[in-house]
Amino acid sequence: MNKLSTILGAVIVLFAVACEGPQGPPGYDGLDGLDGLDGADGIQGQVVEVEGVNFGYDAGANLFSSLITFSDITNFEVFESDAVLVYRYVGSIPTDDGGTADLWSQIPQNYFLDEGTIQYVFEHTFIDLELFIDGNFDLSTLSTDFTDDQIFRIVFIPSEYAEASRMDTSNIQNVMSSLGIEEEKVLKLNLN
């Protein structure tokens, strides 16, 4: 019995010693709180809906483009390190309750037409955003359904939030939910 107690004691000691290791790296600092609160509510990002976007055709480059300057559409301060996402309104779909839901497509987005393929793409700085329609055929014949009076949603995500978050950006509703932005908080502007 004494031998069994010694072996059992040795196993317990080895198990307890084996469960400890070096301390891991420190985690991220939390929000500074005041009286136990999580800190002041602040803008974690902004969503701006821009209607009436018209693309101009550049025959030399065979592409359409449209420039949107951030200071013309928002007073949200955009930094070089911030993330900018763009979604194009493609229509609405019926819902089960008899209503409709807006359908948004994340840019870049391809469209396969009889003439060839077009793609909506964009480039941005912390000052502006340029939208392009590129294609593999003569775009001067492109339907105005793709170039005139378009609606886009531009999402500004501060870099601190974008780095810490693992949001699914393929769906604008997921992005808005992650940022805590409700539909009535979307800033809507018409360029016409």
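Just checking, does the stretch 42-55 include any residue being surrounded by 15 or more Cβ atoms within 10 Å (Cβ to Cβ), at pLDDT 95 or above and in a loop (DSSP other than H, G, I, E, B)?
Yes, the stretch 42-55 contains at least one residue that is surrounded by 15 or more Cβ atoms within 10 Å (Cβ to Cβ), at pLDDT 95 or above and in a loop (DSSP other than H, G, I, E, B).
Output the number of residues of the stretch 131-144 satisfying the condition of being farther than 11 Å from PHE55 by Cα, free of Cβ contacts under 8 Å to residues at least 40 places away in the same chain and in a helix (DSSP H, G or I).
Qualifying residue count, the stretch 131-144: 1.
Scan the stretch 79-100 for residues that are assigned to a strand (DSSP E or B) and within 19 Å of the chain's Cα centre (by Cα) and jot them down.
Once the filter is applied, which keeps residues that are assigned to a strand (DSSP E or B) and within 19 Å of the chain's Cα centre (by Cα), the stretch 79-100 yields ALA83, VAL84, LEU85, VAL86, TYR87, ARG88, TYR89, VAL90.
Being of a type in the set (S, T, N, Q) and in contact with a strand residue (DSSP E or B) (Cβ under 7 Å, 6 or more places away or on another chain) is the filter here, so list the residues in the stretch 115-149 that pass it.
THR117, GLN119, ASN136, SER140, THR147
Are any residues in the stretch 57-83 without any contact (Cβ under 8 Å) to a residue 12 or more places away in the chain and surrounded by 10 or more Cβ atoms within 10 Å (Cβ to Cβ), and if so, which ones?
ASP58, ALA61, ASP72, GLU77
State all residues of the stretch 98-122 that are of a type in the set (D, E, K, R) and either touching a residue at least 60 places away in the same chain (Cβ under 8 Å) or surrounded by fewer than 12 Cβ atoms within 10 Å (Cβ to Cβ) (or both); if no residue qualifies, say none.
ASP114
Does LEU103 satisfy the condition of being among the aliphatic types (A, V, I, L, M) and closer than 15 Å to PHE64 by Cα?
no
Please indicate, with yes or no, whether at least one residue in the stretch 103-121 is touching a helix residue (DSSP H, G or I) at 6+ places or on another chain (Cβ under 8 Å) and either assigned to a loop (DSSP other than H, G, I, E, B) or among the small types (Gly, Ala, Ser) (or both).
Yes, because at least one residue in the stretch 103-121 is touching a helix residue (DSSP H, G or I) at 6+ places or on another chain (Cβ under 8 Å) and either assigned to a loop (DSSP other than H, G, I, E, B) or among the small types (Gly, Ala, Ser) (or both).
If the Cβ limit is 8 Å and pairs must be 6+ apart or interchain, which residue in the stretch 84-97 that is within 11 Å of GLN109 (Cα to Cα) pairs with which residue that is part of a loop (DSSP other than H, G, I, E, B)?
Taking only residues 6 or more apart or on different chains, the pairs are VAL86/ILE107; TYR87/ILE107; ARG88/ILE107.
Among the residues that make up the stretch 16-29, is at least one of them under 21 Å from the mean Cα position of the chain (by Cα) and either at pLDDT below 60 or farther than 27 Å from ASP102 by Cβ (or both)?
Scanning the stretch 16-29 turns up no residue that is under 21 Å from the mean Cα position of the chain (by Cα) and either at pLDDT below 60 or farther than 27 Å from ASP102 by Cβ (or both).
Quick check: is even one residue across the stretch 154-170 among the basic types (Lys, Arg) and surrounded by fewer than 17 Cβ atoms within 10 Å (Cβ to Cβ)?
The answer is yes; a qualifying residue exists.
Looking at (1) over 25 Å from ASN174 (Cα atoms); (2) at pLDDT 95 or above, which is the only condition THR141 fails?
Against the list (1) over 25 Å from ASN174 (Cα atoms); (2) at pLDDT 95 or above, THR141 comes up short only on (2).
ASN171 passes all but one of (1) over 16 Å from the mean Cα position of the chain (by Cα); (2) at pLDDT below 90; which number fails?
Tallying (1) over 16 Å from the mean Cα position of the chain (by Cα); (2) at pLDDT below 90, ASN171 fails exactly one: (1).
The values are calculated or read from the model by the stated rules, or taken from the named source; none is laboratory data. This is a predicted model, so every value here is computed, not measured. In this analysis, Cβ positions are derived from the backbone assuming ideal geometry, glycine residues included, and neighbour counts consider all displayed protein chains.
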